[in-house]
Amino acid sequence: MGLARLRAQLALSKPRVKQWQQQLIRQRIDNQRQTLLAANRQKSANSLARMSNRVKSGDPDNLEGQAAALYFRHAFEPALIRGQNRFYNAALNYGYAVVRAAIARDLAGAGLQPALGLFHNNERNPFNLADDLIEPYRPLLDLWILQQYPNEPDRELKPADKGTLVRFLHLDIGNNQNDDLYTVLAHIQQMVQLLTKAMQLSHESQLWLACPPPSRFVPEPANE
């Protein structure tokens with residue numbers, strides 16, 4: 001079964017890959033929009049909604065990059081520039097690495113090759129496919145960080161912070177197919193399982209992507 005899945009992964013057509021790229025980017029931008037709404041950034045959220053609707057197959061206009069630039073200017077206070085030596089960047093980097101590792105583990109367990117990405121294709125990156133699939137999860141983690149650390153001063157990550165970030169994997173999130181809720185870990189497992197099936201289908205198929213639950217997470221008490 002593992003070899004059959006790898007062959008299906010290698011045989012994916014470019015049009016299909018571009019359609020999936022479109023789905024992933026649209027969902028990421030929409031999740032960014034929802035995070036901005038939770039942070040009371042209505043005007044910027046409206047701008048992201050318009051960008052999401054304009055994403056075409058393969059994202060030839062790089063709306064993903066444009067949306068990210070706008071998003072990070074307004075989601076964090078002060079505006080966050082990725083790469084700066086700030087607490088929020090350190091928290092994002094650690095949290096993204098945790099989610100990326102969970103996705104890569106399930107991809108390998110499903111018989112897929114994590115290095116063979118859809119639109120990430122760095123030859124030195126052994127986790128290109130994980131970097132494709134993580135896109136919709138990123139704004140959900142951002143929201144979790146903003147809720148746990150509002151107006152956090154710049155400092156180094158502590159062991160307790162890392163534990164908080166790992167807890168993100170056990171939060172309930174939604175999906176773009178039905179109203180059911182799954183923990184992030186369970187959602188990743190289900191997403192990978194459905195992706196492997198979709199790769200073996202001859203017709204166009206929708207990816208099963210993460211989105212915020214209706215509650216947009218309820219912050220836990222600080223002592224838990």
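The values are calculated or read from the model by the stated rules, or taken from the named source; none is laboratory data. Please read all numbers here as calculations on a predicted model, not as lab measurements. Because the Cβ atoms are built from the backbone with ideal geometry, glycine has one as well, and the counts that use them run over all protein chains shown. Keep in mind that these areas ignore ligands, DNA and RNA; they rest on the heavy atoms of the full protein, side chains included. Shrake-Rupley method; radii C 1.70, N 1.55, O 1.52, S 1.80 Å.
Residue count for the stretch 54-89 satisfying the condition of being buried (at least 16 other Cβ atoms within 10 Å of the Cβ), of a type in the set (A, V, I, L, M, F, W, C) and either touching a residue at least 12 places away in the same chain (Cβ under 8 Å) or outside any helix (DSSP H, G or I) (or both): 9. Within this structure, ARG28 fails the test of being among the basic types (Lys, Arg), farther than 30 Å from THR164 by Cβ and crowded, with 18+ Cβ neighbours inside 10 Å.
Residue check: ALA38 meets all listed conditions (1) touching a helix residue (DSSP H, G or I) at 6+ places or on another chain (Cβ under 7 Å); (2) at pLDDT below 95; (3) over 29 Å from VAL192 (Cβ atoms) but one, namely (3). Only residues that are in a helix (DSSP H, G or I) and either surrounded by fewer than 23 Cβ atoms within 10 Å (Cβ to Cβ) or touching a residue at least 40 places away in the same chain (Cβ under 8 Å) (or both) were counted in the stretch 130-171, giving 27.
Residue-wise test of (1) at positive phi; (2) modelled with pLDDT under 95; (3) within 17 Å of the chain's Cα centre (by Cα).
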residue	(1), (2), (3)
ARG54	no, no, no
GLU64	no, no, yes
TYR71	no, no, yes
ARG82	no, yes, yes
ASN93	no, no, yes
ARG100	no, no, yes
GLY111	yes, yes, no
PRO114	no, yes, yes
HIS120	no, yes, yes
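Only one of the numbered conditions (1) closer than 22 Å to ARG216 by Cα; (2) in a helix (DSSP H, G or I); (3) open to solvent by 30 Å² or more (accessible area, probe 1.4 Å) is not met by ARG5, and that is (1). Name the pairs whose Cβ atoms lie under 6 Å apart, with the first residue in the stretch 209-224 and closer than 15 Å to VAL184 by Cβ, the second at pLDDT 65 or above and open to solvent by 70 Å² or more (accessible area, probe 1.4 Å), and 6 or more positions between them or separate chains? Matching pairs, first to second residue: PRO213/ASP172; PRO213/LEU181.
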